[in-house]
Amino acid sequence: MKKITKKIIKNKRPTWDEYFLQIVESVGSRATCDKGGSGCVLAQENRIVSTGYIGSLSGLPHCNEVGHDMKSGNCMRTIHAEQNAITQALKFGLPLEGATMYCKTTPCPACAKMAKSLGVKRIVAKKS
Ligand SMILES: [Zn+2]
Ligand SMILES: [Zn+2]
């Protein structure tokens with residue numbers, strides 16, 4: 001007879017928000033530019049719909065290899081983590097109505113407006 005022992009799990013489970021913000025950190029580690037280097041996760045009913053990180057357009061050189069393309073304080077080579085996550089969802093036809101957007105920092109006004117217009121209902125940022 002096999003003896004079954006129940007172990008009491010002492011470590012606290014993260015909330016959904018904490019869980020997705022941890023994933024935002026992992027996603028952001030793929031960033032190719034450190035100017036506001038960040039990640040973004042779009043979740044629908046606690047499931048990941050799409051992820052994005054700050055980076056160059058597909059096939060173009062990366063800042064961490066060739067340097068930034070700076071214009072008035074912003075790097076022009078990259079698109080924002082939020083833009084990447086949103087465009088990936090759209091590319092594959094995934095609806096964002098009612099979704100939550102998890103970000104490392106508060107998204108810029110353009111990304112926030114784009115998310116709102118696509119039906120994103122909540123934006124959760126780790127840092128403001
Ligand atoms: Zn850059
Ligand atoms: Zn933005």
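The values are calculated or read from the model by the stated rules, or taken from the named source; none is laboratory data. Fair warning: this is a prediction, and the values are worked out from it, not measured in the lab. Cβ sites come from the backbone with ideal geometry, for glycine too, and all protein chains shown count toward neighbours.
Any chance region 109-119 includes a residue that's surrounded by 17 or more Cβ atoms within 10 Å (Cβ to Cβ) and touching a residue at least 40 places away in the same chain (Cβ under 8 Å)? So far as region 109-119 goes, no, none of its residues is surrounded by 17 or more Cβ atoms within 10 Å (Cβ to Cβ) and touching a residue at least 40 places away in the same chain (Cβ under 8 Å).
One residue alone among GLY59, GLY98 is in contact with a Lys or Arg (Cβ under 7 Å, 6 or more places away or on another chain), of a type outside the set (Ser, Thr, Tyr) and surrounded by fewer than 18 Cβ atoms within 10 Å (Cβ to Cβ), and that residue is GLY98. If you go through region 1-46 and pick out every residue that is modelled with pLDDT under 85, closer than 15 Å to ALA85 by Cα and among the polar types (S, T, N, Q), you end up with 0.
In the condition set (1) within 16 Å of ligand 1 (Cβ to nearest atom); (2) without any contact (Cβ under 8 Å) to a residue 24 or more places away in the chain; (3) surrounded by fewer than 14 Cβ atoms within 10 Å (Cβ to Cβ), ARG47 is compliant with all but (1). Would you confirm, using the coordinates I've provided, whether SER128 is within 15 Å of ligand 2 (Cβ to nearest atom), loosely packed, with under 13 Cβ neighbours inside 10 Å, of a type in the set (Ser, Thr, Tyr) and more than 15 Å from the chain's Cα centre (by Cα)? It is false that SER128 is within 15 Å of ligand 2 (Cβ to nearest atom), loosely packed, with under 13 Cβ neighbours inside 10 Å, of a type in the set (Ser, Thr, Tyr) and more than 15 Å from the chain's Cα centre (by Cα). Quick check, is ILE123 more than 14 Å from ligand 2 (Cβ to nearest atom), assigned to a strand (DSSP E or B) and touching a strand residue (DSSP E or B) at 6+ places or on another chain (Cβ under 7 Å)? No. Residues in region 18-36 that are touching a residue at least 60 places away in the same chain (Cβ under 8 Å) and not hydrophobic (A, V, I, L, M, F, W, C): how many? Summing the residues that are touching a residue at least 60 places away in the same chain (Cβ under 8 Å) and not hydrophobic (A, V, I, L, M, F, W, C) in region 18-36 gives 3. Is region 87-95 home to any residue that is surrounded by 12 or more Cβ atoms within 10 Å (Cβ to Cβ), within 18 Å of SER38 (Cβ to Cβ) and within 13 Å of ligand 2 (Cβ to nearest atom)? Looking through region 87-95, at least one residue is surrounded by 12 or more Cβ atoms within 10 Å (Cβ to Cβ), within 18 Å of SER38 (Cβ to Cβ) and within 13 Å of ligand 2 (Cβ to nearest atom). Evaluated against (1) small (Gly, Ala, Ser); (2) within 21 Å of VAL27 (Cβ to Cβ); (3) at pLDDT below 95, ALA85 falls short on exactly one condition, (3). If we scan region 55-66, do we find a residue that is within 14 Å of ligand 1 (Cβ to nearest atom), without any contact (Cβ under 8 Å) to a residue 60 or more places away in the chain, more than 15 Å from VAL124 (Cβ to Cβ) and assigned to a strand (DSSP E or B)? Looking through region 55-66, at least one residue is within 14 Å of ligand 1 (Cβ to nearest atom), without any contact (Cβ under 8 Å) to a residue 60 or more places away in the chain, more than 15 Å from VAL124 (Cβ to Cβ) and assigned to a strand (DSSP E or B).
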